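In what follows, a single structure is set out as structure tokens and then discussed.
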């Protein structure tokens, strides 16, 4: 099998698990009980200088750096962080203009593919780890960050092992924004309105609760399935329960196929959820932000997403008075361990190798990443970062929900990465479309779904 078509191996997943556990820090970090100051640690809190005076600054040359990103939602802490850091940097470097291209996730992926085809990659862009990055690395589009990450102690701000999925042949090509787990958020008042006392602990209870909520006129589960990875992320958590960790690795190793009974069971369970009326009408026409905003505005009872969503939910109206809770993905048919999660190393910032202002771009990205955890901590958006944050979240005013999410990191025993982060792009695209189709045709024979996946895999080995 070619290098770009392999799934993540056990060693890498183990490294990510170690990073997930370290996200909670020591017994004095992030547990809400320490007497520490509610400020991040010195390594991540001090406003960082630019890495070095760029030649353009001394010459007065005007420089424009294009920064493609996935923070278009003005209500999200990451949007506010982005604009604050950019403004600060531009104030300190009057000759530099940071031109932001803020897009929804799938829009950005499609745009980057088009740009990459013509080798016109923005100065800074967004990539996802391993299999999704591999084609861009193979095309020699990104600048290695090995030297830049050593400047101003930036490398030391990242959790152990978290840079591995962005490293190829000894070269680091991107810096991640997060390190997350898949969780279910729920609206306590809507649960109470429907007469549901506690969040479900089994998939069967989840389906039953969906039906109760639907009968009460409440949208049970929000999703932004126009961005097809969202449905896949949920489906893969079901598969994690029916099979256990390592399904895609076992497919690659020839130990099983997509026609495994556990895959068929996961497809049927997903279809049962759709047929129960779990999702809002027209779910495939809602992009990621629109789907999430249904939950953030109190219009859905539940929302399944990576823990990176915590910051946006934390600061939304729906979280007022402790109204939002969080729970682990339940067992399915009595199978699975709730302490095994979908593991989600974050989207990451990569630099174009062909940037006309490469030194200035590296200088800015160094500054941006050094200030990233500090700014997000203050904006209550620092849950699930790839970088170390040692402040006292509770003392800093983070909600019980946010602290609960941090505590969930401590329970992680293992898990899996998303399909499109582990399998080759061609097979992943078939998978994404196949799962998306189930939102429209949930009576599809699971065997047909399995056969479609297996054929795509065989065609793209």
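Brief remarks follow.
- Residue within region 87-105 that is in a helix (DSSP H, G or I), in contact with a strand residue (DSSP E or B) (Cβ under 9 Å, 6 or more places away or on another chain), closer than 25 Å to residue 307 by Cα and at pLDDT below 95 present: yes
- Unique residue being outside any helix (DSSP H, G or I), in contact (Cβ under 8 Å) with a residue 24 or more places away in the chain and out of contact with any strand residue (DSSP E or B) (no Cβ under 7 Å at 6 or more places or on another chain) when the list is 111, 119, 84: 119
- Residue in region 359-368 that is assigned by TED's automatic domain parsing to the domain that holds residue 146, assigned to a loop (DSSP other than H, G, I, E, B) and either touching a helix residue (DSSP H, G or I) at 6+ places or on another chain (Cβ under 6 Å) or without any contact (Cβ under 8 Å) to a residue 40 or more places away in the chain (or both) present: no
- Residues of region 143-174 satisfying the condition of being closer than 23 Å to residue 342 by Cβ, in contact (Cβ under 8 Å) with a residue 40 or more places away in the chain and not in a loop (DSSP other than H, G, I, E, B): 158, 164, 165, 166
- Meets criteria (at pLDDT 95 or above and closer than 17 Å to residue 442 by Cα) for residue 234: yes
- For region 400-424, the tally of residues that are crowded, with 17+ Cβ neighbours inside 10 Å and in contact with a helix residue (DSSP H, G or I) (Cβ under 8 Å, 6 or more places away or on another chain) stands at 17.
The values are calculated or read from the model by the stated rules, or taken from the named source; none is laboratory data. These figures come from a predicted structure and were not determined experimentally. Counting neighbours? That spans all protein chains shown, and the Cβs are built from the backbone with ideal geometry, glycine included.
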